[in-house]
């Protein structure tokens with residue numbers, strides 16, 4: 001009976017052995033087309049643009065950004081969750097939202113005259 005391999009959300013890529021070279025070139029702002037040419041000429045690897053783009057996206061490799069790439073299996077989309085502070089723009093240090101009903105009631109109370117039976121003069125619409 002054969003042994004079942006361990007599951008990984010991010011499968012091994014033929015580009016994994018060249019990860020450091022790709023990261024270094026993206027940090028130095030190389031475009032994907034230039035990296036594709038480098039891979040073909042130096043390592044005899046021919047891939048399409050979308051394969052390289054997806055490889056970089058899944059590993060968090062960005063142009064001009066100096067950061068270590070994500071290890072395989074550390075998030076497969078390269079995107080922030082929709083409810084994360086980075087995606088929503090809401091930081092945890094912001095104050096609680098206002099209670100609009102209480103706020104409106106306090107504003108109305110401040111604008112009310114002392115005696116509610118006092119008539120407020122209104123301007124006539126007719127001339």
Checklist outcome for this item: Computed over the range 10-69, the relative contact order (Cα-Cα under 8 Å, seq sep at least six) in percent reads 39
Checklist outcome for this item: Most exposed first, judged by fewest Cβ atoms within 10 angstrom, 7, 49, 32 run 7, 49, 32
Next on the checklist: If I model a spin label at residue 47 and residue 6 as a point 7 Å from the Cα along the Cα→Cβ vector, what separation in nanometres do I get?
Outcome noted: 2.3
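Within a 10 angstrom radius of the beta carbon, how do 51, 46 rank from fewest other beta carbons to most?
Numbers: 51 16, 46 9.
Ordered by Cβ neighbours within 10 Å, fewest first: 46, 51.
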Item to check | Ellipsoid equivalent to the range 10-69 - semi-axes via the Cα gyration tensor, in Å | outcome: 16, 14, 10
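Coordinate-derived values only; no laboratory data. In this text, all values refer to a predicted model and were calculated from it rather than measured experimentally. Counting neighbours? That spans all protein chains shown, and the Cβs are built from the backbone with ideal geometry, glycine included.
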